[in-house]
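To start, the structure under review is shown below, and the notes come after it.
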Amino acid sequence: VMEIGGGIDTLAMTNADFGNEAPGTTFFEFGAESNDQIRITGGNATVGGTCVFAVVGFTPRPRTNRSWDFVCANQITYAAMDNMSNLMATYNMAPGGDYAFGVVDLAGGHVLRLRTFPPPGIMLQVE
């Protein structure tokens, strides 16, 4: 069992790899402005086993048009069983329309990201 700190925190690793396989469990918390994160510089992450996500302070639902990056590494393999769909369903949020969750390929690496979208018909002003 791995929990990133006793509240929202960051585990930073340099030139190292992170691995969690079954039957291991990793816990992540996220709130309106921050989240637990495993940040690996110069290494890879294999996230298996079980990931348990918990929200901190959302009422009535997570903010829209926001991203939370839980794992950052050169490369991420995500094969964990998780509770993200059930968790987001408690806020009446559906995958694809209201949010996306998974590994995103960015220049220079990967992130395990939760991204919420604005409700249909809402125009966002770009500055």
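The values are calculated or read from the model by the stated rules, or taken from the named source; none is laboratory data. A quick note: this is a predicted structure, and the numbers were derived from the prediction, not measured. As a convention, Cβ positions derive from the backbone with ideal geometry for all residues, glycine included, and neighbour counts pool all protein chains shown. In case anyone asks, the SASA skips ligands and DNA or RNA and just uses the protein heavy atoms, side chains included. Shrake-Rupley method; radii C 1.70, N 1.55, O 1.52, S 1.80 Å.
Observations on the model:
- Note on the stretch 1-27: among residues that are hydrophobic (A, V, I, L, M, F, W, C) and in a loop (DSSP other than H, G, I, E, B), the one that is modelled with the highest pLDDT is Ala16.
- Verdict on Val71 being closer than 19 Å to Phe30 by Cα, among the β-branched types (Val, Ile, Thr) and touching a Leu at 6+ places or on another chain (Cβ under 7 Å): yes
- Residue ID - nearest to the chain's Cα centre (by Cα), chosen from residues in the stretch 84-95 that are modelled with pLDDT of 90 or more and open to solvent by 40 Å² or more (accessible area, probe 1.4 Å): Ser85
- If you go through the stretch 39-71 and keep only what is closer than 20 Å to Ala107 by Cα, open to solvent by 30 Å² or more (accessible area, probe 1.4 Å) and in a strand (DSSP E or B), you end up with Arg39, Thr41, Thr46, Arg66, Ser67, Asp69.
- Tally of residues being farther than 17 Å from Tyr78 by Cα and either in contact with a helix residue (DSSP H, G or I) (Cβ under 9 Å, 6 or more places away or on another chain) or assigned to a loop (DSSP other than H, G, I, E, B) (or both) across the stretch 28-38: 3
- The stretch 97-112, residues that are open to solvent by 60 Å² or more (accessible area, probe 1.4 Å) and not in a strand (DSSP E or B): Ala107, Gly108
- For Val55, the stated conditions hold: it is touching a helix residue (DSSP H, G or I) at 6+ places or on another chain (Cβ under 8 Å) and either under 21 Å from Asp9 (Cα atoms) or at pLDDT below 95 (or both).
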